[in-house]
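These notes concern the structure reproduced below.
What follows is calculated from the coordinates using simple rules that are stated; it is not laboratory data. Here the structure is a predicted model, which means the values were calculated and not measured. Note: ideal-geometry Cβ built from the backbone for every residue, glycine included; neighbour counts use all protein chains shown.
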Amino acid sequence: MTERFDPSRNSLAADGGGFGQLNERSREIFRHIVESYLTFGDPVGSRQLSRLLPMSLSPASVRNVMQDLEELGLIYAPHISAGRLPTERGLRFFVDAMLEIGDLGREERAQIEAQVRASSKEHALEAVLSDAMSMLSGLTRSAGVVATTKENARLKHIEFVRLDPDRALAVLVAADGSIENRVVQTPRDLPASALVEASNYLNVRIAGRTLAEAKAEIEAALVAAEAELGELTARLIAAGYASWVETSTQGQQLIVRGQANLLENLTALEDLERIRLLFADLETQKDVIDLLNRAEGGEGVRIFIGSENKLFSLSGSSMIAAPFRDDQQRVVGVLGVIGPTRLNYARIVPMVDYTSKIIGRLMRGP
């Protein structure tokens, strides 16, 4: 079963700029140009198109239609006397108005779900996401990316371990099994019992909550903590908690897997330069995360093509991304794939969509 991709989640209207006025012949020629580009990456000429079209058209008639499509900014000639390729504007029109999304087969669904669930039995959430992106990048031959925020993690336990007379290690364990450490300064004359007391004090207040949920209560409680716990223990609690809040509010973490897939099937030096620029884009974590965050709106998949966003303005790449949600239907992350504009959109969109749903179900529990 196939369905038309919903363009309402993307940045351009499907039939803007008069594109909706294209007749059947123009659309059929345009479709063949785009699909040939997505499959082979090569320009298509009028003579070749005249043999491929379901209707009988001479090469001269095809050239006239191609000229009209070029004037609309949907296709262009990369070289003199060459065939035509779709422009980024043309790709956007194709994705928004003409792309038909196929459903994932039963085997593909089973493979994705089995790999994600198998990973979740052995690893914490961050490792599960990493494994899922490796799987997705392998299936799509692109780079898999995911952005999540640790601020949404449910907390389970905190413990302070002395390192030396004026430093302690704050160990925070999340409900998903992930563990993070922070070194905090302690008063030099802090007794060992204060470490235990501080751990017990915080554990009562953080268990089962996110940092954001626990923040208000702990901050209010710390006002009276000196009288209840003693000044030195209260200072340790404040230092330990502050270290977690500070790092959790610095932003999201980004996981990228499968960059090597982007080096496959390079046919020209300009392809290699484009991939080099894309690698540089992926190193700019803040911009990648910002772009992923744009996919949080809406319920389904978002597609970003080329210079529509500043991140890919040089490399001419595309990203297909979808959010995933926790048990309270809050968006807690976004995952997707990044690759050349020649991505197989019809195949990859349902893969990204289904993977995001499986991750969401995993986070919501059985």
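For the pair R109 and H157, a Förster radius of 25 Å applied to the C-beta separation gives a FRET efficiency near 0.10, rounded to the nearest 0.05.
Within 10 Å of each candidate Cβ there may be at most 11 other Cβ atoms; applying that plus a DSSP loop requirement, which trypsin sites (Lys or Arg not before Pro) in segment 273-366 survive?
R330
Evaluated over the Cα positions of segment 31-136, the convex hull gives a direction-averaged projected area, one quarter of its surface, of 9.5 nm². Cross-link pairs exceeding 29 Å between alpha carbons, from the set K121/K357; K286/K357; K121/K286: K121/K286. Give me the distance between the Cα centres of segment 327-366 and segment 120-173, rounded to whole Å. One Cα centre to the other: 18 Å. Take 185-196, 31-42 and order them by the average number of nearby Cβ atoms within 10 Å per residue, most first; the result is 31-42, 185-196.
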